[in-house]
Amino acid sequence: MKRKKKNTMICILTVLLLTGGLLLSLFLPGSTYSDSERRSLAVMPGLSWDGVWSGRFMSGFEAHVTDTFPFRNSLRSVKALTAAGIFRRQDNNGMYVSQGYISAMEYPVEAASLRRCAERFGYICETYLTEENQVFLSVIPDKNAFLAQESGHPAADYGAIEKQMEDMADYAQYIPVSDLLEKADYYRTDPHWRQERILDVAERLAGSMGTELSDEWEMHTLERDFYGAYYGQAALPLPPDDLYYLTGASTDGCQVYDWQNGKAMPVYDMEKAMGRDPYEMFLSGSLSLITIENPQATRDKKLILFRDSFGSALAPLLISGYREITLVDIRYIHPDHLGQFVDFEGCDVLFLYSTLVLGHGEMLK
């Protein structure tokens, strides 16, 4: 009899929990975007006979409920803490924590992906460049290069990646920067490097390309906590980062134009600094084509920088060495269209990419 009552109570509680969850999902205010995960949430699919018959409705409904379940963020944190603290899992959602740093597991890095990147860079050189252009290449290692091996996670051979890119991109002079970097040069909760820590990288790149940097820098602190892109994905309650940015005479006096949206913009976008992803304050984030003009330049040098998001923080440090810098992101603009906007004549060209992009060559157009 006692056992029957116990089973009945369990059934009743289960029904109440499921019903309560359903009612909360239906009537609580919904959201279409997850700030912590930096992604759009699945929306409720429209109800139609074709959708139900094909199974698309139920698939979409399941994705929507999974993304908008009540207290989802809190439950994700409980799951992550349980996986790490009780079950001693080495990663959660493909993320791991080592020495207070969150990193994504990026392994392996396929040679085919590196080859595609080298081919896309080579296509640009063949299409637009002549012998008058100096061409350079540099690879930025992601945080795993300094965290994965010592924490027992699979690690790519970053030295081999650099060597493969150098060999395949034999049209470019390779500039190594990995020996200047360490884990402290990256944010703890974000994949990117810290601008205030890469002045030596900027100096080496500029020197190797035949120019000099002259700015004296003033460091500023962003007036808000910085929770990086990895913070929400890991779902672990870790402390935020501080975000610093550097200003000098060249950054204060330069003119920046966003060709994608057809407007002038600042070097540091303070509106985006207070938005969903504060790292987007550096040259307004992921834009396909930007031109920076430096009226105070003492050298008549121009640079075309093919880059990913790491280049947004680096480019302001290079401004004093050039009259003009053009930033191109071929994840968002096809190389065939560049001739309409970019004058390559007499320019230095630098392909600067992180292993996070080189390992996913399909991202490049």
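Readers should treat all values here as calculations from the given coordinates under stated rules, not as data from a laboratory. The structure presented is a predicted model; accordingly, all values stated were derived computationally and were not measured. Counting neighbours? That spans all protein chains shown, and the Cβs are built from the backbone with ideal geometry, glycine included.
How much net charge surrounds Gln173 when only other residues with a Cβ under 12 Å from its Cβ are counted (Lys, Arg +1; Asp, Glu -1)? Could you put the intermediate results ahead of the total?
Details: positive: none; negative: Glu166, Asp170, Asp348.
Its environment carries a net charge of -3.
Quick check: from the Cα gyration tensor, does the range 169-288 come out rounded (a/c under 1.5), prolate or oblate?
Working: a/c = 1.61, a/b = 1.21, b/c = 1.32.
Judged from the Cα gyration tensor, the range 169-288 comes out oblate (a/c at least 1.5, b/c at or above a/b).
Which entries of Lys263/Lys365; Lys183/Lys301; Lys302/Lys365; Lys143/Lys365; Lys183/Lys272; Lys163/Lys263 have Cα-Cα distances beyond 30 Å here?
Numbers: Lys263/Lys365 24 Å; Lys183/Lys301 33 Å; Lys302/Lys365 24 Å; Lys143/Lys365 25 Å; Lys183/Lys272 26 Å; Lys163/Lys263 40 Å.
Violating the 30 Å limit, Cα to Cα: Lys183/Lys301; Lys163/Lys263.
Using alpha carbons only, how many angstrom separate the centre of the range 233-309 from the centre of the range 119-174?
About 23 Å separates the Cα centre of the range 233-309 from the one of the range 119-174.
Highest mean first, how do 345-357, 248-260 rank when packing is the count of other Cβ atoms within 10 Å averaged over residues?
Numbers: 345-357: 21.0, 248-260: 17.3.
By packing density, highest mean first, the sequence is 345-357, 248-260.
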